[in-house]
1. Rounded to the nearest 10 Å², what accessible area does Thr481 show when all protein chains are kept and the probe is 1.4 Å?
2. Name the shape class, rounded, prolate or oblate, that the alpha-carbon gyration tensor gives for the range 84-194, where a ≥ b ≥ c are the square roots of its eigenvalues, rounded holds for a/c under 1.5, and otherwise prolate holds if a/b is larger than b/c and oblate otherwise.
3. If amide hydrogens are placed 1.01 Å from N in the peptide plane, which non-local residues have theirs closer than 5 Å to the one on Lys49?
4. Considering only protein heavy atoms and a 1.4 Å probe, what is the carbon-and-sulfur percentage of the accessible area of the chain?
5. Determine, from the Cβ-Cβ distance of Asp428 and Asp509 and an R0 of 35 Å, the FRET efficiency 1/(1 + (r/R0)^6), rounded to the nearest 0.05.
6. Enumerate the lysines that Lys406 could reach by cross-link, defined here as Cα to Cα under 19 Å, with residues fewer than 8 away along the same chain left out.
7. So what is the diffusion coefficient of the range 198-285 in µm² per second by Stokes-Einstein at 20 °C and 1.002 mPa s, using a Kirkwood Rh over Cα pairs?
8. How far apart, in nm, are two points set 7 Å out from the Cα along the Cα-to-Cβ line at Asp474 and at Arg362?
Amino acid sequence: MDTIFYNGVIRTLDKAYPKVSALAIKDGVILRLGTDEEILPLANSETRKIDLQGRLMLPGFADTHLHILFHATFKRRIDLVNTKTYQEVASLCRKDAEEARKTNRWVIGCNFNQVNWSDSNKIPDRHDLDAIAEDVPIFLQRACGHIVCLNTKALQLAGFWDERADTTKETMDFGADGLPNGYVRENSAMRVQSCWERFTVEEIKELLESACCEAASKGIVQVHSDDFNLVADNDFKDVLQAYKELSEEGRLPIRVNEQIRFRRLEQVQEFLDLGYRANDVIGRFKFGPIKFLCDGSLGSHSAAMREPYKNDPGTRGLLLFENEELYGMAKLAYQNGYHLVAHCIGDASLEQMLNTIQRVSREFPHPDRRNGIIHCQIMDKAQQDRFREMNLVAYVQPVFIRADSKVVDDCVGPELGKQSYNWRRYVDLGVHMCGGSDCPVEPFDVLPNLYYAVTRKGAPNEVAWYPENGVTLDEAVEMFTKEAAYASYDEDKYGTLTVGKYADLVVLDRDIYERPLEELFDTQVLMTMVEGEIVYER
């Protein structure tokens, strides 16, 4: 044996052997489970024996929706995630502008959420940012990633200043004076990011390796990541090359299941022409589903709704595809063996995607196509019932209730609000449901996510938000382990600690099943292992 763990509390999530004290690994694969007395005699002089000292081992965690490369780039930008006031944001940007003038660069800030500011809940517009600096381009991106704020200088450099409401084809807003107000959304916002220098393949490799090591420190052994064309427009070949080289060089510490997102049919075809097919694997990198971004976010009022927003009756949000455009891309994906996942926050975008999946599935039937909806936020019971009928996977982010519980009822009303984020009903319906963070929107820290899923609280001192919609701790852990493996067609390889599966596991400093749920915020990852290789050790 290569490695034997013993004297532990090993919860396998496998009903055949749900709880053991020892586990033996050979060539990256679990070969035996049992008691210390059964497993320790299998050791030889070269076996590494690890005493768990009564600590908890679980299958390694997975985060089934995030943007690992985008998260890594935040370390080169102003991270506004913890700002409590707009004045704090302005101060940080003003300070950075002093340095930006010296090197002729942009001020780039990310991850603000105006809901958390005590002095203003307004998304800053062009005039606000001009007051910070007029001579330096400023780009601020909201935490959701669906709206950016630009000052006049940035609008000019991006080529948006001469746009007008009655002629523009851009997804941007205008003020009462008819001029751009600095709010640029969705696809147009993505194009702004191409105005500054792109990362080279070597820089992308460094960013990815660093972020994946950071994920491993949180007990994460697999991420389902959306990375193509997110940092810069049409950079997917560079990102793909970076992943290939990292895999071939043995520098990818965890598994990456790529959610392959493109905005146009010709981009999908350009990717398919490279010859890669669904579930192809390059080392620890895997080609996952084709992904669609179907609408925006609730906080920016760009999530597409069937009825107007209760607190903004003039809008129903924004659908990012016409019906036939979405169908054409889904059809092309199906014809090449890919399954689909889609970002849907509003109930109108969800309805559009459900209808699209149903249409293409009837034309191209397949016995096991694990399509999924990412976020699964605003919906009624009839739409949720269709998940079971269509065998869809629900990709949910429990951490979202920290911010969204404060705004959902105001946006859509309590009747629809209490039907949304209803994880309990998914479990009761028998729907496969996996967990994620949407990092960098929220941190990719799984243990607090378990707390949110079970308690429905954004923090221990808060009132639970529709607590009847929560899940048990067992169900929450499965969301981030075995259900995640199911979502990527890998349930026969990992997701549980089962003989014959890869040794992908995490060791924690305490038994979270025997401690108060509030201790999930303090629980530490002691070790993370992928295929029998220790990729993180505290």
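1. Using a 1.4 Å probe on the heavy atoms, I get roughly 0 Å².
2. oblate
3. Excluding prolines and chain starts, which carry no amide H, the hits are Ile4.
4. Carbon plus sulfur share of accessible area: 46 percent.
5. After rounding to 0.05, the efficiency reads 0.60.
6. By straight Cα distance, Lys406 reaches Lys84, Lys122, Lys310, Lys418, Lys457.
7. The Stokes-Einstein estimate is 159 µm²/s.
8. Label at Asp474, label at Arg362, 4.0 nm between them.
The values are calculated or read from the model by the stated rules, or taken from the named source; none is laboratory data. Just so we're clear, the structure is a prediction, and the values are computed from it rather than from any experiment. Please note: Cβ atoms are built from the backbone with ideal geometry, for glycine as well, and neighbour counts cover all protein chains shown. The area values use the complete protein model at the heavy-atom level, side chains included, leaving out ligands, DNA and RNA. Shrake-Rupley method; radii C 1.70, N 1.55, O 1.52, S 1.80 Å.
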